[in-house]
Amino acid sequence: MQRPNYPSGKDLLGADSISRDDLEDIFARAEQYLAEENEDDGSGDYVPAAPVMRRRPKVVATLFDQRSTRTRLGFQAAALRLGHQSLDVFDTERSRMGTSTGESIEDHIRTVEAYSDLIVVRSHTESLPYQIGRLSYLPVINAGNGADEHPTQALIDLFAIHKMRGPVQGLSIALSSDTRARFALSFVKMLRLSPPRRFTLCCLPGVPINPPMREALELLRNLGCPVAVVHDIRDTLDHDVLSIQMQDMSRFSHASLGSEAVDKELETEPFTLTAKKIIDANSDILILNPLPRFSELDVSCDTLPNAGYFRQVKLSMQVRMAILNRMLMGIPWAG
Amino acid sequence: MQRPNYPSGKDLLGADSISRDDLEDIFARAEQYLAEENEDDGSGDYVPAAPVMRRRPKVVATLFDQRSTRTRLGFQAAALRLGHQSLDVFDTERSRMGTSTGESIEDHIRTVEAYSDLIVVRSHTESLPYQIGRLSYLPVINAGNGADEHPTQALIDLFAIHKMRGPVQGLSIALSSDTRARFALSFVKMLRLSPPRRFTLCCLPGVPINPPMREALELLRNLGCPVAVVHDIRDTLDHDVLSIQMQDMSRFSHASLGSEAVDKELETEPFTLTAKKIIDANSDILILNPLPRFSELDVSCDTLPNAGYFRQVKLSMQVRMAILNRMLMGIPWAG
Amino acid sequence: MQRPNYPSGKDLLGADSISRDDLEDIFARAEQYLAEENEDDGSGDYVPAAPVMRRRPKVVATLFDQRSTRTRLGFQAAALRLGHQSLDVFDTERSRMGTSTGESIEDHIRTVEAYSDLIVVRSHTESLPYQIGRLSYLPVINAGNGADEHPTQALIDLFAIHKMRGPVQGLSIALSSDTRARFALSFVKMLRLSPPRRFTLCCLPGVPINPPMREALELLRNLGCPVAVVHDIRDTLDHDVLSIQMQDMSRFSHASLGSEAVDKELETEPFTLTAKKIIDANSDILILNPLPRFSELDVSCDTLPNAGYFRQVKLSMQVRMAILNRMLMGIPWAG
């Protein structure tokens, strides 16, 4: 049964879901959670301004058909801190839901939506989050779908930049990534909401830039943001911010399916960031990385003041709380 | 150590646990949760009439040695919405409890009952829920035991009928099922509490009716309810309600152990309900199905107003909340 | 990045973490939870003295690389009853954290600490809890590390003795155990805080006593506590308390890795406690056992008034609640 009348803007499926106002709303909510945490003196006393549970707890369902701990646990922890709950509804071993007994995704989602208030989806396919968004009247979050988008990680990076270096408009921003990476696409697309002073993409030479990424870069350019492409990480070190990811995802496709150790030796040198390169460039660039890192980011960077990725992990909590809280209250995305 | 003095009526093990008053109490509680949900305007404001957590949260343990997502997640979600918590205490992979290191069920239950307030059991054996009920002073729910009973699913069907077609006494009710199915037995046994105007069983011809089912039908007859047996789903379409399940469970026994795809082609045609059959019969019968469905219920039915099974899934939440809440408050079953 | 400035005493890693005052504080908190439970009349009415959730719920992370249900579920249930939450952050099957993709433990812990407020660690290695304690600013509980320590189980035994036989100082205490067992070491080391009237170790003859255990016994002796060593369980039955465990752990090393049934026939007779031995000795000794039991403790003991191990399991809840609550409030250990 196809159900036609959904509230518009209920889902967060890609960077295009989000308007400039939405972005500022998420930042404001995340700031509030941060302030609240800083006020917590651990004494266990009552905080009159922030009563936690005034209604029945909501249930956040996580439906991940692709390996992830960071994102799944991150959304689960955010739900719990909001005073809500989470249920993992993808459980191949013990499940009779879904494909293991041939149940259709339509029936599956009908059950999941009866048990929960919001669905967080990660999939190795591009189509699943969109399909679930259409099938269910519940709000749906795309937490990474194949080679398409990963909008919540992009929001985390933007909030981390905002907190650690101020408004994006005044900054020069670089991104080192495989141009097929879903986070990279969401990040560049989301920059349209607040184009930086200039933007540089660092990617493998001799590999064509992925068409959706090319389109997103073109859009940035049309908004008046100077866009450059470089092929050595050292050429990004005069920027204010560098978001760095692995360059050749295809080498890791097996890792997403099994538990084989990843061969870190294979990363080619021009795309590996080391403390020496940062110090040689006398750079005060802010380094972001979604973790887990591979060979793109050497541990020698960890003790430099440039290292923003550990604080970024902590800020991810408040951003995910902001996203969940907004969507559980039924506030639509206006993008 | 056998412990003799348990409160009488602490467990919900079969249809016989429940009295007429108990059934009405469950309906009243479920109605209240429904009303509360409808009042929730999503604004996040305080609801004075229904404060949620006034005491330490209770812990509902799920102990399932048989595959299930729907029932397990359903009870977990119901516990969470009540402001309580759940723990899955059957975890073969990482567990040292239970048989993996040779621990006896007696010792196992002693630990589970130290950590929780109520135990929900599903088992491929008939005996386990009864055994746990005897071993523990905690209330125990049988969520399906071998070929015996599945009383909570029967309560869900009865409440769905009550909500969508009114009091059972005034209705003609049909059930299409393998006569060995545990849900079917619990459902027919529970109809004794409020016998319908007439009852029809649709089952495979040439297969003897399972003795416990025969007994339950005889009891209904003795209460003055006309009982018929038919062998084609079309012969049920003049009833007010049809609860439909697969006919030949033995074909699915392997599915309960592994994750092989089920061959949907094998269901024989007289027991498959399609939109065409309903429309040809000009029937306004209410269709119920516990999901996941197999070939007994064609997706062509989904868009008809007769399709009650998706709303039934949603109503299962309030019924499970009612069952858990009642038992966690220590109210005994009087059946 | 090594981070130097941690609050002193944030972790509970071994028996040496705990001072005499700490022990009394844990007992007092556990007593309070017990009293509160006994006051609970199940009526569901508001309890003014013990409001549960006044702040955002805390998240207790469990990181177990070794099989355990009892301890993991025990800490999870204790967190839930405190009105807090738990997240299992070790999940090899679906995880990209940790070693499966080559992520370092340092990066792993950075993420775990961003999502949680306290980390409970069990490991087959001795080093992991210490390493995590150094890496994280969060409080860390060692829930058993290789052949080293298991301090929370020792606290549970001491509280069980305190509740069932009174202050340890006035009692004669026996321990039957492999001298390499981590619980045994933590238990004997913790007895230094309140040395019993006399102490007896029952262990295999002809096997040298493990050096750390020998040291702990020597410390007890130096505190004025008479210490004896015997090789037959019957020689302990004139004591007030016997904590009994399996004698030859090496036979069980395979069990900790797989799910093979343990051969109970191999336990040699002098170390197996039976009802007959207790009755023959006319003993009113209190029997403790952490469960799961192996052949050291015959089920014939279960119906004797001496059997304290089932009540011990129940008391473990209040002890774990006391430990978690204290550490989540940031109270340091003074040991």
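The values are calculated or read from the model by the stated rules, or taken from the named source; none is laboratory data. Here the structure is a predicted model, which is why all the values come from computation and not from measurement. Neighbour counts run over all protein chains shown; Cβ positions are idealised from the backbone, glycine included.
Residues that are touching a Phe, Trp or Tyr at 6+ places or on another chain (Cβ under 6 Å) and not in a helix (DSSP H, G or I) were ranked within the range C:110-125; the one that is nearest to residue C:75 (Cα to Cα) is C:120.
Listed here are the residues, each with its yes/no results for (1) over 21 Å from residue C:69 (Cα atoms); (2) within 24 Å of the chain's Cα centre (by Cα); (3) at pLDDT 90 or above.
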{"site": "C:242", "(1), (2), (3)": "yes, yes, yes"}
{"site": "C:250", "(1), (2), (3)": "no, yes, no"}
{"site": "C:257", "(1), (2), (3)": "no, yes, no"}
{"site": "C:260", "(1), (2), (3)": "no, no, no"}
{"site": "C:263", "(1), (2), (3)": "no, no, no"}
{"site": "C:266", "(1), (2), (3)": "yes, no, no"}
{"site": "C:270", "(1), (2), (3)": "yes, no, yes"}
{"site": "C:273", "(1), (2), (3)": "yes, yes, yes"}
{"site": "C:282", "(1), (2), (3)": "yes, no, yes"}
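For the range A:284-296, the set of residues classified as modelled with pLDDT of 95 or more and in contact with a helix residue (DSSP H, G or I) (Cβ under 8 Å, 6 or more places away or on another chain) consists of A:285, A:286, A:287, A:288, A:289, listed by residue number. Mind checking whether some residue in the range C:311-322 is modelled with pLDDT under 95 and either more than 27 Å from residue C:208 (Cβ to Cβ) or hydrophobic (A, V, I, L, M, F, W, C) (or both)? Within the range C:311-322 (the criterion being modelled with pLDDT under 95 and either more than 27 Å from residue C:208 (Cβ to Cβ) or hydrophobic (A, V, I, L, M, F, W, C) (or both)), the answer is no, since none of the residues qualifies.
Of all residues in the range B:306-335, exactly one satisfies the criterion of being part of a loop (DSSP other than H, G, I, E, B), away from chain A (no Cβ under 13 Å) and touching a strand residue (DSSP E or B) at 6+ places or on another chain (Cβ under 7 Å), namely B:333.
So that you can scan it fast, the table gives a plain yes or no per residue for (1) assigned by TED's automatic domain parsing to the domain that holds residue C:237; (2) surrounded by fewer than 18 Cβ atoms within 10 Å (Cβ to Cβ); (3) over 25 Å from residue C:318 (Cα atoms):
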site	(1), (2), (3)
C:128	no, no, yes
C:140	no, no, no
C:155	yes, no, no
C:161	yes, no, no
C:164	yes, yes, no
C:171	yes, no, no
C:185	yes, no, no
C:207	yes, yes, yes
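Which of the residues belonging to the range A:110-129 are under 17 Å from the mean Cα position of the chain (by Cα) and closer than 12 Å to residue A:10 by Cα? Listed by number, the list holds a single entry, A:119.
Of all the numbered requirements in (1) more than 8 Å from chain A (Cβ to nearest Cβ); (2) at pLDDT 80 or above, residue B:64 misses one, and that requirement is (1). Only a single item in (1) assigned to a helix (DSSP H, G or I); (2) more than 17 Å from residue A:287 (Cα to Cα) is not met by residue A:224, and it is number (1). In the set (1) surrounded by fewer than 24 Cβ atoms within 10 Å (Cβ to Cβ); (2) at pLDDT below 95; (3) out of contact with any Gly (no Cβ under 8 Å at 6 or more places or on another chain), residue C:105 fails one condition alone, (3). Take the residues in the range C:84-102 that are small (Gly, Ala, Ser) and surrounded by fewer than 23 Cβ atoms within 10 Å (Cβ to Cβ); name whichever of them is modelled with the highest pLDDT. Going through the qualifying residues, I end up with C:102. The residue that is farthest from residue A:110 (Cα to Cα), among those in the range B:270-305 that are within 14 Å of chain A (Cβ to nearest Cβ) and assigned to a helix (DSSP H, G or I), is B:275.
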